[in-house]
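Data block below; observations after.
The values are calculated or read from the model by the stated rules, or taken from the named source; none is laboratory data. Just so we're clear, the structure is a prediction, and the values are computed from it rather than from any experiment. With ideal geometry, Cβ positions are generated from the backbone for all residues, glycine too; neighbour counts draw on all protein chains shown.
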Amino acid sequence: MSISREGFDYVRKLVHSHSGVVLEPGKEYLVEARLLPLAQTEGLASVQTFIERLRASSVGGLQQRVVQAMTTNETFFFRDLRPFEELRRAVLPQVIEKRRNERRITIWSGACSSGQEPYTIAMILKEHFPELLGWSCRLMASDIAGDVMARARVGCYSQLEVSRGLPAHYLVKYFTKQGTEWRLSEDIRRRVEFFEMNLTKPWPVLPRMDIILMRNVLIYFDLETKRQIFTNLRHQLHSDGWLALGGSETTLGIDESFERMSGEASGWFRVRKL
């Protein structure tokens, strides 16, 4: 039983009001795929029946589970590879040089889902930048979905997840096999601070950042939400900081205070000098 137009509209408005994510017409298949496991958990035969129960329910917990299901994005270690190569080759060396006197670096991975992105950064820091020993290197990571945040903190991944993008020597060096899963070393896990955050709501007090990765999430927001997030990002970054976006994301026509760095990976931006 396919979901009705009214059912899809209800989910679309629910998700937008809680997260800012826009579900365009034609995404009914995505709603069905994401909500089917929740329907089955509730003992219901169809997503449409689940939506009908959701509409009749005043229990916020069920609504929150729907929002989390619809806003959990795909991620994997070293996703798209080139941005992480540029992070290692160009971005981090420049940041380290500029922060050599204060010996402090702060990095934020926004919309990090189940944690592969910030853990990738943690492994890069460990593997390639021994000169940071003794520095204050704060690596923060956030997401709207509490259940995936909890999973990220544990740092356990399936065979499929560690097979997607993760170089073999990283797997051998930083993971331990536990049953059918692979668990990250304590040394890497403790380097990342995870916290829940809704990018479309008022932002909590955060430290100024040297590097922010906000990859593959802005594409889900409407124009005004994107503009507000870019404004917040601009204020959150040091004037000489770096911002990474997804390969299909841009600041053009949204916020002209950012400029793409020529000669660097397509996803790296800095605040435009006035």
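Run Glu52 past the list (1) at pLDDT 95 or above; (2) farther than 25 Å from His238 by Cα; (3) among the acidic types (Asp, Glu) and report the number of the one that doesn't hold.
All conditions pass for Glu52, except number (1).
Scan the stretch 146-162 residue by residue and report those that are closer than 14 Å to Leu184 by Cα and of a type outside the set (Asp, Glu).
Arg151, Ala152, Arg153, Val154, Gly155, Cys156, Tyr157, Ser158, Gln159, Val162
When you scan the stretch 9-57, how many residues do you find that are under 25 Å from the mean Cα position of the chain (by Cα) and either outside any loop (DSSP other than H, G, I, E, B) or surrounded by 15 or more Cβ atoms within 10 Å (Cβ to Cβ) (or both)?
The qualifying residues number 25.
Test Val31 against the stated conditions and say whether it is hydrophobic (A, V, I, L, M, F, W, C), under 16 Å from Phe8 (Cα atoms) and touching an Asp or Glu at 6+ places or on another chain (Cβ under 9 Å).
When the stated conditions are applied, Val31 does not pass them.
Identify the residue in the stretch 208-256 that is small (Gly, Ala, Ser) and modelled with pLDDT under 90 and, among all such residues, is surrounded by the most Cβ atoms within 10 Å (Cβ to Cβ).
Of everything passing the filter in the stretch 208-256, Gly246 is surrounded by the most Cβ atoms within 10 Å (Cβ to Cβ).
In the stretch 19-51, what residues are of a type in the set (S, T, N, Q) and either under 18 Å from Arg5 (Cβ atoms) or touching a helix residue (DSSP H, G or I) at 6+ places or on another chain (Cβ under 7 Å) (or both)?
Scanning the stretch 19-51 gives Ser19, Ser46, Gln48, Thr49.
Out of the residues in the stretch 142-160 meeting the condition of being over 21 Å from Asn198 (Cα atoms) and out of contact with any helix residue (DSSP H, G or I) (no Cβ under 9 Å at 6 or more places or on another chain), tell me which one is surrounded by the most Cβ atoms within 10 Å (Cβ to Cβ).
Top of the filtered list is Cys156.
Select, from Asp222, Asp240, the only residue that is over 20 Å from the mean Cα position of the chain (by Cα), assigned by TED's automatic domain parsing to the domain that holds Met140, at negative phi and of a type in the set (Asp, Glu).
Answer to the check: Asp240.
Got at least one residue in the stretch 97-120 being out of contact with any Cys (no Cβ under 7 Å at 6 or more places or on another chain), of a type in the set (D, E, K, R) and modelled with pLDDT under 90?
The answer is no, given that none of the residues of the stretch 97-120 is out of contact with any Cys (no Cβ under 7 Å at 6 or more places or on another chain), of a type in the set (D, E, K, R) and modelled with pLDDT under 90.
Take the residues of the stretch 64-96 that are at pLDDT below 90 and among the polar types (S, T, N, Q): which is farthest from the chain's Cα centre (by Cα)?
Gln64
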